[in-house]
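The values are calculated or read from the model by the stated rules, or taken from the named source; none is laboratory data. Since this is a predicted model, take the numbers as computed values, not measurements. Every residue, glycine among them, receives a Cβ derived from its backbone with ideal geometry; neighbour counts consider all protein chains shown. Just the protein is used for accessible areas: all its heavy atoms, side chains included, with ligands, DNA and RNA removed. Shrake-Rupley method; radii C 1.70, N 1.55, O 1.52, S 1.80 Å.
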Amino acid sequence: MAIIRHARSSDANALAALAEQTFRDTFGGANSAEDMDLHCRTSYGEDIQSAEISNPAMVTLVAENGAAPVAFAQLRWSAAPACVHAGNPGEIQRLYVAKPWHGKGVAHELMAACIEEMESRGADVIWLGVWERNPRAVAFYAKFGFVEVGDHVFPLGTDPQRDIIMARPVAKRPSAC
C-alpha cells in the first residue's frame, strides 16, 4: 500500500521523473512526439517541480511505496474559470498514478487526500480539467461527485485541446459539539 504525504524539496527530481513518465504513458499514444516533447520540456524538470513544491499557493501530495513515488497530485488555489461558481475554489491541477499501480486503490486514496486537503484549506468547490478524450479519467472523477460544468483549451505543445471542466462542492464535516 502507498503512503501519502506532502512533497518536500528533496522530492523534486523523483517527482519530475514520475510526472513526465505518467504524462507520457497517459497521453503519448494519442499525441505527436513533438507536442509531447514540447509539453514535457516546459512542464517537468527538477527546477520546475522544486518551484511548484515551494509555491505557497500550491500543494503537492506524493504517494510512495517504500522510498519510491508511485503517484502524485498537485493542488492550487487561484482564479477559476467563469463556469466554476465558488467563493474559494481549489483546483486539482494534476493527479497521476504510475502504470504498475493502476487498479490498486492508490488513485482513490490520493483523491481522498486531495479532498481532505481542500477542505482543510477552506475551499468550497474543487474543480479540474480533464481531456475530453480520456473517458477513464472522466468516469473516475464522476465517482467522486465531479460533474461537467464547462470546458477550456489546454495547449499540449502546439496542439490546442479541449479539456472538460468538472467541479464538485467540498463536503464539510459536521462540527464537533
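Inclusion of G145 among residues that are out of contact with any Gly (no Cβ under 6 Å at 6 or more places or on another chain), crowded, with 18+ Cβ neighbours inside 10 Å and not β-branched (V, I, T) is not warranted.
The rows are residues; the columns are (1) within 20 Å of V106 (Cβ to Cβ); (2) not small (G, A, S).
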{"position": "A2", "(1), (2)": "yes, no"}
{"position": "T22", "(1), (2)": "yes, yes"}
{"position": "S43", "(1), (2)": "no, no"}
{"position": "I48", "(1), (2)": "no, yes"}
{"position": "V59", "(1), (2)": "yes, yes"}
{"position": "P69", "(1), (2)": "yes, yes"}
{"position": "A73", "(1), (2)": "yes, no"}
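Put simply, of D151, D163 the only residue that is at pLDDT 95 or above, assigned to a strand (DSSP E or B) and open to solvent by less than 30 Å² (accessible area, probe 1.4 Å) is D163.
For the range 88-127, a residue qualifies if it is acidic (D, E) and either surrounded by 19 or more Cβ atoms within 10 Å (Cβ to Cβ) or not in a helix (DSSP H, G or I) (or both), and the qualifying residues are E91, E117, D124. None of P69, P81, P56 is part of a strand (DSSP E or B), over 13 Å from the mean Cα position of the chain (by Cα) and not acidic (D, E) except P69. Total residues in the range 28-54 satisfying the condition of being open to solvent by 50 Å² or more (accessible area, probe 1.4 Å) and without any contact (Cβ under 8 Å) to a residue 12 or more places away in the chain: the figure is 5.
Per this entry, M1 is not counted among residues that are buried (at least 19 other Cβ atoms within 10 Å of the Cβ) and either more than 17 Å from the chain's Cα centre (by Cα) or on the phi > 0 side of the Ramachandran plot (or both). Applying the criterion of being part of a helix (DSSP H, G or I) and of a type in the set (V, I, T) to the residues of the range 4-27, the residue that is surrounded by the fewest Cβ atoms within 10 Å (Cβ to Cβ) is T26.
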